[in-house]
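First the structure, in the form of structure tokens, and then the observations on it.
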Ligand SMILES: Cc1ncc(COP(=O)(O)O)c(C=O)c1O
């Protein structure tokens, strides 16, 4: 990345901020992959557009604009429309976790939640305890603060949350079918995380976009629910922040998410949002409210789960046939991804991406899910976007690319 640019008149433009030097070139390469004809993209975390309920959403949208022209077309409250905040508070209130609308901030996507939390909590160089490999978007959101990272091994045999969270500004976890590994955090580890935030006072971010993409068995309780059981106050006031989004439940184009946290934290995040986008679009808030109230999300979920479960099974069967000489993986119980680790740690998956692109298949190499970009012996494969035939073709192409890389040595 060039640090200084010449303007046409020969004057040198102001240099970019330092953090811009740390962006990942590989990310840009695979994000541009959709423009290449005949390429099969199993790199991204994209839903199948056939699940978007376009008819229902356009009907709701037209009805909402007619009925609520000011709310849909005007500026709204920074925190979000009261009716939507209230609906989300009620939806998540369960057992000891009791919420009011003051515990909810509506955000312009889950990504904005991550960005605002970074703005509110991070000073330059602060330490984050992360579950690595981790979500690339979170690394991107926090990069301007140039944080340091420490691995928090929630799946490890000796996981001790108090030790691992101590001294960090916050800890970050995706307990349900994490991106990129698709792994589920066990109940005992969720309890440990709740205990860690309670004992250390370190903020804990529970990022949960994939909870509706659950293919095999019921989900364990969320960390925020477990934490709430240990708190004396009637209304939630704990140090766990929970992030939700409609991106994987309804449509990512709505760019609609929410943060659930203590009232004080919601007030701080609101201040940060004021300097970010002032408010989330009214039309997408009302579409989401209507989709939640009318049960549209629940109606859609079984079809999506069936479709994606079949695709997961086809992808894994095809991997078994073509890739098992070089990779090991576990079939994920939910989410959108299979995480495959190279048996030979010398197999460089950044290089594999180059070969794969020549064979017209795009994959995500592990380096992009690592804060230092050093982990280079695994790949993330998406099974939700493409139909079954394409998934099989993609794996055949990837096998050809892997063989070429291995043969070349
Ligand atoms: C772990 C995780 N968190 C947050 C998000 C953000 O989703 P969105 O910004 O579309 O709401 C994603 C999207 O892929 C994700 O994988």
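The values are calculated or read from the model by the stated rules, or taken from the named source; none is laboratory data. Just so you know, these numbers come straight off a predicted model, no measurement behind them. With ideal geometry, Cβ positions are generated from the backbone for all residues, glycine too; neighbour counts draw on all protein chains shown.
Numbers for the structure displayed
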| quantity | calculated |
| --- | --- |
| All positions within the stretch 239-269 that are touching a residue at least 40 places away in the same chain (Cβ under 8 Å), out of contact with any helix residue (DSSP H, G or I) (no Cβ under 9 Å at 6 or more places or on another chain) and away from the ligand (no atom under 15 Å from the Cβ) | none |
| Top-ranked residue in the stretch 175-189 [being within 16 Å of the ligand (Cβ to nearest atom) and without any contact (Cβ under 8 Å) to a residue 60 or more places away in the chain; ranked as farthest from residue 92 (Cα to Cα)] | 185 |
| Check on residue 193, within 14 Å of the ligand (Cβ to nearest atom) and not in a loop (DSSP other than H, G, I, E, B) | no |
| Number of the exception - residue 172 against (1) buried (at least 21 other Cβ atoms within 10 Å of the Cβ); (2) within 11 Å of the ligand (Cβ to nearest atom); (3) not in a strand (DSSP E or B) | (3) |
| Residues of the stretch 208-238 satisfying the condition of being in contact with a helix residue (DSSP H, G or I) (Cβ under 7 Å, 6 or more places away or on another chain), in a loop (DSSP other than H, G, I, E, B) and either on the phi > 0 side of the Ramachandran plot or buried (at least 21 other Cβ atoms within 10 Å of the Cβ) (or both) | 209, 213, 236, 238 |
| Residue check for residue 205: outside any loop (DSSP other than H, G, I, E, B) and either within 16 Å of the ligand (Cβ to nearest atom) or closer than 28 Å to residue 80 by Cα (or both) | yes |
| Residue tally, condition under 16 Å from residue 401 (Cβ atoms) and in a strand (DSSP E or B), over the stretch 316-342 | 3 |
| Scope the stretch 137-168; condition within 16 Å of the ligand (Cβ to nearest atom), in contact with a strand residue (DSSP E or B) (Cβ under 8 Å, 6 or more places away or on another chain), within 24 Å of residue 211 (Cβ to Cβ) and not in a loop (DSSP other than H, G, I, E, B); matching residues | 138, 142 |
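Let's see how each residue does on (1) in a strand (DSSP E or B); (2) modelled with pLDDT of 95 or more; (3) within 16 Å of the ligand (Cβ to nearest atom):
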position: 46; (1), (2), (3): no, no, yes
position: 65; (1), (2), (3): no, yes, no
position: 70; (1), (2), (3): no, yes, no
position: 75; (1), (2), (3): no, yes, no
position: 89; (1), (2), (3): no, yes, no
position: 116; (1), (2), (3): no, yes, yes
position: 123; (1), (2), (3): no, yes, no
